[in-house]
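Throughout, read-outs are computed from the coordinates displayed, never taken from laboratory work. If you're wondering where the values come from, they're calculated on a predicted model, not measured in any experiment. A quick note on method: Cβ atoms are made from the backbone with ideal geometry, for glycine too, and the neighbour counts reach across all protein chains shown.
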Amino acid sequence: MFKISNETKVGVLTAIAITLLILGFNFLKGKPIFEKTFKVYTTFKSVEGLSVSNAVMINGLQVGKVYEMREVDANLSAVVVTLNLSKNINIPDNSIAHISRSLLGNTTIDIDLGNATSYIKNGDTIHTNAEMGLLDQVKGSLDPSLLKINTALGSLDSVLKLIGAVFDPTTQNNFQNIFANLAVSTAHLNSLLNTQTGALAQTLGNLGSFTGNLKQNNDTITAIFANLKQTTGNLANLELEQTLTKLQSTVSELNTTLNKINSNDGTLGLLMNDKKLYNNLNSTANSLNLLLQDVRIQPRRYTGGLVFGKKDKSAPLMTPLPDTTTVLPEKDKKK
């Protein structure tokens, strides 16, 4: 039976260990072992905070890692960063890459996708944006304050430790509760400042979306203000004040006329308000109606017998005959 020597076993195990060590080291450097990848390049003036194996992000998704960083020349005028992309994603060739530093110290390379129809191929270079993002500016403003807070907390911790040695156990427990509350508050502050899910990052993202919408609708807003200006100009040209003055004058005259009608001044006012005048007019109309009926029935009484023969000397008509406007009493109807 074939027997493997101990030296052979040691050599095989050593080769396997070296292979695993190399593969693990390459994996930590951002070199995937079994995934199919392609490399792209980008150039930055400064790569402060960036290191090999840092994540490459697109829309919050990790699509690769930083593979290598090397200087362009001896004067270190720029740094070429090699990106090892492991996701099969179409990246337009007008996309922009920039270094993003979170408020918690994490550094990534973010790629903002462009709108071109041609895409980056293996070995191409992505354009960069050297300006700091909004979160970087906020971080730059907050870092000095956080440093001062940390220094003050360190000094406070030292003082409280000295004072705690003097106080009784109950007071010491109170100080422990205070520090526990400070730890919870710090955790809440870290959650607030998180660049992915923090409320501050979401607020800044919403602000960016809002300003982007305003920019996209700039022409519409301009047209609205132009229409508003034209409308106010047309209103100014209508001489609205003069029109209202004339309308007020007309209403005043109408009120005066209605007041005269409601009073006893004038014929129309008397007709509407004086009952005696109405009764007189009604009586006159009845008398005229009676006279006309009598002339129609007894014409000889008024012609003196010249036209219809002998003059009629009978009594004149005292009660109007029934017609469409006159209704006789019941006693006259029986006759």
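Compared with the direct C-alpha span, the chain from ASN59 to ASN217 gains 54.5 nm at full extension, assuming 0.36 nm per residue. The label-point distance for THR151 and ARG70, in a model that sets each label 7 Å from Cα toward Cβ, rounds to 4.2 nm.
The mean sequence separation of alpha-carbon pairs under 8 Å and at least six residues apart, normalised by the residue count of segment 35-131, gives a relative contact order of 35 percent.
Largest first, the three principal axis extents of the alpha carbons in segment 35-131 are 36, 32, 29 Å in whole numbers.
Full extension of the chain between ASP124 and ASN262 yields a length gain of 40.0 nm, computed as 0.36 nm times the residue separation minus the alpha carbon distance.
Note on VAL295 and SER252: with the Förster distance fixed at 41 Å, the Cβ-Cβ geometry gives a FRET efficiency of about 0.20.
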